[in-house]
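What follows is one structure encoded as structure tokens, with my remarks underneath.
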Amino acid sequence: MSGDAPRAAPGRWELPALRLWHAALAGGFLVAWLTADEDTYRMHVFAGYWVLIAVSLRLGLAAMGTPRGPLALVRPGRSRLMIWMGGVLMTMVGLAALSGVIADGVTSVEDLHEGLSNTALWLIPAHAALVAWVFQGKRLRDKVMGAARVSALPVLVLLGLAAAVPAQAADPARDAILADYAKAAKAADSGFTGFSAARGESIYRARNTVNADFPSCATCHTDDPTRPGRHAKTGREIAPAAVSANPKRFTDAEKVEERFNRDCKTVLGRECSARDRGDFITFLSSK
Amino acid sequence: MRSIVMGAGLLLSLSTPAWADRVAPLTDPVTLKACGECHMAFQPDFLPARSWARMMDSLDNHFGESAAMAPDKVAHIRKVLEDGAADRVGGKVAGRFLRWVAPDGTPQRITENPAFLRKHDFPAREWARADVKSKSNCPACHKRAERGDYEED
């Protein structure tokens, strides 16, 4: 294939038609991609048919256009790589749309449709990169690199500011919770003289036999309560239990009650008394 | 300028996945906080309403531990889960899971549904990974699972 053979001048309408077609295909694909969500299924189907029609229309346009003109599938003078890229991308987009039409009726084709669509999706940036490379070359690379250098400084400044967050002070809400537990402990036992961090620590570290998954508080909260814990079964991260490492601990009365009600039952197999609760908070406030 | 816009578009398209395996994100703050304290707050789309009802009725023994909470909170969360349940909202993902549930069945574990198992047929060592720990730990692999996006990463 050589580019210097005589050819008819392409019609004025051909290049605008090609651009219009490209916009229709790209727009259709974009809409299909954005509406793949469950809620927008009907729009997704519509966009899919749109893409399928656009891909087939391209073949019709190629037949209508001047040979070797803008609408020709293989244009003289174009890099081979771009021609192949276009062919592969169109085929993949077409297959993605076609498999979508089938998947609409046959659910087992869904996975195939997803795979093809994702492949097509990845080919699009590759296609854009190739076009940018061929048409812009060095100019583009210089601009991208220049922009990266200019934007790096403010980003660094912002990161530095974000790191300098002030530390938090002690919380009166925790004192109020402790005072309530002290009142209840006194009511239950007139000999109550105050909470003990040592008793709280023994609750925290005790190995129990009620529940094999959760033998101890330390199972999830770790032996060092200043460190983040991890739910023994779900793996969910738990903020540190110790107040020094997590100033928000024991400041929400409702949550404190809920956690004691649950975890005492799960780990110890019993309710915790007001004294137990106060001891426990006292221990973790001292850590 | 044009090339910068193009470059930005390129980066964007590479960093955002196709929205295929998606359910509506769970947005109720009470539900998100209560469930999310111990595990990811699963979207209600994966179980029928009667399963959620059974679960909210048995929080004293929630998969082997107590997840008891105040009755008004239970009622609130129960309504959120029932309203968003697979048999109430419909949708593709919900349908995929519901297909395997007996008409009067009240399954509790989403991870035992064949629709889940079919897509998670991995060797045991994958599940044993320290950062995975449990089958309920969706975000270990699906980074945007909490936003309802279960696309692979």
Filter segment A:234-268 down to the residues that are at the interface with chain B (Cβ under 9 Å from one of its Cβ atoms) and among the polar types (S, T, N, Q) and list them by number. A:Thr234, A:Asn261, A:Thr266
Restrict the check to segment A:206-219 and report whether at least one residue is charged (D, E, K, R) and within 14 Å of another protein chain (Cβ to nearest Cβ). yes
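Would you say A:Leu95 is away from chain B (no Cβ under 11 Å) and closer than 19 Å to A:Trp21 by Cβ?
Yes, satisfied.
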For segment B:51-61, enumerate the residues that are surrounded by fewer than 17 Cβ atoms within 10 Å (Cβ to Cβ) and either away from every other protein chain (no Cβ under 11 Å) or outside any helix (DSSP H, G or I) (or both). B:Ala53, B:Arg54, B:Asp57, B:Ser58
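Let's see how each residue does on (1) farther than 30 Å from B:Arg99 by Cα; (2) in contact with a helix residue (DSSP H, G or I) (Cβ under 6 Å, 6 or more places away or on another chain); (3) surrounded by fewer than 18 Cβ atoms within 10 Å (Cβ to Cβ):
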| residue | (1), (2), (3) |
| --- | --- |
| A:Gly48 | no, yes, no |
| A:Leu71 | yes, yes, no |
| A:Arg78 | yes, no, yes |
| A:Leu81 | yes, no, yes |
| A:Gly100 | no, yes, no |
| A:Val106 | no, no, yes |
Selection count where residues are outside any strand (DSSP E or B) and in contact with a helix residue (DSSP H, G or I) (Cβ under 9 Å, 6 or more places away or on another chain), scope segment A:234-245: 7
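Considering only segment B:41-50, state which residues are among the small types (Gly, Ala, Ser) and either part of a loop (DSSP other than H, G, I, E, B) or under 8 Å from the mean Cα position of the chain (by Cα) (or both).
B:Ala41
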Taking only pairs six or more apart or across chains, which ones have beta-carbon atoms under 7 Å, a first residue in segment A:113-130 that is within 9 Å of chain B (Cβ to nearest Cβ) and farther than 22 Å from A:Leu81 by Cβ, and a second residue that is hydroxyl-bearing (Ser, Thr, Tyr) and part of a helix (DSSP H, G or I)? A:His113/A:Ser99
Has segment A:254-277 got at least one residue that is in a helix (DSSP H, G or I) and among the small types (Gly, Ala, Ser)? yes
Pick out the one residue from B:Val93, B:Val74 that is part of a helix (DSSP H, G or I) and either over 30 Å from A:Ala103 (Cβ atoms) or polar (S, T, N, Q) (or both). B:Val74
Could you list, in sequence order, all residues of segment B:37-50 that are in contact with a Lys or Arg (Cβ under 8 Å, 6 or more places away or on another chain) and either at the interface with chain A (Cβ under 9 Å from one of its Cβ atoms) or surrounded by fewer than 16 Cβ atoms within 10 Å (Cβ to Cβ) (or both)? B:Glu37, B:Cys38, B:His39, B:Met40
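Go through segment B:68-93 and report how many residues are among the hydrophobic types (A, V, I, L, M, F, W, C) and surrounded by fewer than 16 Cβ atoms within 10 Å (Cβ to Cβ).
Result for segment B:68-93: 2.
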With respect to the numbered conditions (1) of a type outside the set (S, T, N, Q); (2) touching a helix residue (DSSP H, G or I) at 6+ places or on another chain (Cβ under 8 Å); (3) surrounded by fewer than 20 Cβ atoms within 10 Å (Cβ to Cβ), which one is the sole condition not fulfilled by B:Pro29? (2)
Counted residues, segment B:81-99 - those being under 26 Å from B:Lys133 (Cβ atoms) and away from every other protein chain (no Cβ under 13 Å): 1
Determine if segment B:116-124 includes at least one residue that is in contact with a helix residue (DSSP H, G or I) (Cβ under 9 Å, 6 or more places away or on another chain), closer than 21 Å to A:Arg236 by Cβ and surrounded by 12 or more Cβ atoms within 10 Å (Cβ to Cβ). yes
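No value in this document is a laboratory result; all are computed from the given coordinates. Since we're looking at a predicted model, the values are computed, not measured. Here Cβ is always computed from backbone atoms with ideal geometry, including for glycine, and neighbour counts include all displayed protein chains.
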